[in-house]
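Engineer: Here's a structure for you.
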Amino acid sequence: MVSWKLSTLLLLSLTALNAFAQVDAEIVEEVAEEPQTPNLKVSISTSFPQAEIFGVKLINGHATQAVLSISNSEPEPVSLSIIGGSLIQDAGDESQIMRNLTAARYATEIPAGEETTVTYTFSTEMHPQDVRLQLVAVLKDSKDAFYTLSAYNETVAVVEAPTSILDPQIIFLYLVLLSAFGGTVYFIYNTWITTLFPQKRRGGKGGERVKRSSTGSKKVDPSDQAAVVGADGSAVTTGAKIYDESWIPAQHLQRPEAKRVRSGTPKTKVKS
C-alpha cells in the first residue's frame, strides 16, 4: 500500500515537471520567432540612454542598456515575463540571424491604464558592422495567455571599444615598438653610416709622432742643461732630463772633470 502511494506521488511530480518544461519551451520558441502584433492594447517604446546623436552603437565588451517603457491600455493588468532579442543581418530580401541575445526573465505586473519602465542589459562581441537589432517582450494577460510584442527593430552599429593612451597594454606596446626601432637605427648606424666618416687614429706614423713631439716640446731651463766637453774641446749642451736615473749606478752618474793639458817642456827652476 505504501509503495503504491509513493509511485503515485512520483508520477504526479514527473507530470508537473513535464508541464512546466513544456511551458518554458513554448515561451522560448515564441521569443525566437518573428514577433507578431497580437490583439492586445499594450504599447512598448525603447530608448538607449548611452546612444549618441548619430545613432545607437553597440560597443564590444561593454554592456548596452535599453530602457523599455510599457504602457497598458487593457482593462485588466498584464505581466511582463521575458525580454530577449537577436542581431540580424539583412542581405537583400533575405535575413540571417547572426546572434541571439541572452533572454532575461521578469515578473513585473503592469496595472490597467498605467505605464511601467524596465531595463534590459546585453553585451556583444563580434566584428564591427551594421546590423539590425530586434528586441521582443513576452507578456502574459490575466488568463495566462502569452503574447509577443516587438520592442525595438532598428539598424545599429557594432563598434570596438575606444583605446586610451594610458592603457597598460598600449604603453607596453609603445615601449616594445620604440625599443625595436632604436635597435634597428643603432644597427644601421654601426653597419653603414660609420663607414662613411674617416676614423681618427690614436698613434699615427713615426714622422707624425716626431713632429708632434718637436712642436709640442717645452722650453728648456738652462739650469737643467749639462755641459760636456768633447774631444775637440767644444761644449755640448743637452736638454732637460727625460730619463729615470734611479736604475743607473752612481759611478756612471758622476760628470767627468775637464783636464788641462800643458804644451811644450816644463820649466825647471834654477837654483841660486
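The values are calculated or read from the model by the stated rules, or taken from the named source; none is laboratory data. Just so we're clear, the structure is a prediction, and the values are computed from it rather than from any experiment. Backbone-built Cβ (ideal geometry, glycine too); neighbour counts: all protein chains shown.
Engineer: Looking at the range 100-138 only, could you name the residues that are within 13 Å of Glu76 (Cα to Cα), in a strand (DSSP E or B) and aliphatic (A, V, I, L, M)?
Structural biologist: Correct list: Ile110 only.
Engineer: Would the range 143-155 turn up any residue that is more than 24 Å from the chain's Cα centre (by Cα), on the phi > 0 side of the Ramachandran plot and without any contact (Cβ under 8 Å) to a residue 24 or more places away in the chain?
Structural biologist: yes
Engineer: Going residue by residue through the range 78-100, is there one that turns out to be under 29 Å from Ser142 (Cβ atoms), modelled with pLDDT under 95, out of contact with any strand residue (DSSP E or B) (no Cβ under 8 Å at 6 or more places or on another chain) and among the charged types (D, E, K, R)?
Structural biologist: Looking for residues that are under 29 Å from Ser142 (Cβ atoms), modelled with pLDDT under 95, out of contact with any strand residue (DSSP E or B) (no Cβ under 8 Å at 6 or more places or on another chain) and among the charged types (D, E, K, R), one finds none in the range 78-100, hence no.
Engineer: Looking only at the range 122-145, count how many residues are in contact with a Lys or Arg (Cβ under 9 Å, 6 or more places away or on another chain) and crowded, with 16+ Cβ neighbours inside 10 Å.
Structural biologist: Residues in the range 122-145 being in contact with a Lys or Arg (Cβ under 9 Å, 6 or more places away or on another chain) and crowded, with 16+ Cβ neighbours inside 10 Å: 2 in total.
Engineer: So which of Thr121, Thr117, Thr102 ends up being within 14 Å of Ile44 (Cβ to Cβ) and free of Cβ contacts under 8 Å to residues at least 60 places away in the same chain?
Structural biologist: Matching residue, one of Thr121, Thr117, Thr102: Thr117.
Engineer: Still on this structure, please answer the following. State yes or no: is Thr155 assigned to a strand (DSSP E or B), out of contact with any Leu (no Cβ under 7 Å at 6 or more places or on another chain), surrounded by fewer than 20 Cβ atoms within 10 Å (Cβ to Cβ) and at pLDDT 95 or above?
Structural biologist: no
Engineer: To continue, here is another question. Restricting attention to the range 23-68, report how many residues are at pLDDT below 90 and either hydroxyl-bearing (Ser, Thr, Tyr) or crowded, with 16+ Cβ neighbours inside 10 Å (or both).
Structural biologist: 6
Engineer: Follow-up question, since we're still on this one. Just to be sure, is Ser47 of a type outside the set (Val, Ile, Thr), in the same structural domain as Leu149 (by TED's automatic domain parsing), under 16 Å from Ser150 (Cβ atoms) and touching an Asp or Glu at 6+ places or on another chain (Cβ under 8 Å)?
Structural biologist: Criteria not met by Ser47.
Engineer: With the requirement that a residue be hydroxyl-bearing (Ser, Thr, Tyr) and surrounded by fewer than 10 Cβ atoms within 10 Å (Cβ to Cβ), what does the range 165-192 give you?
Structural biologist: Residue satisfying the conditions is Thr191 alone.
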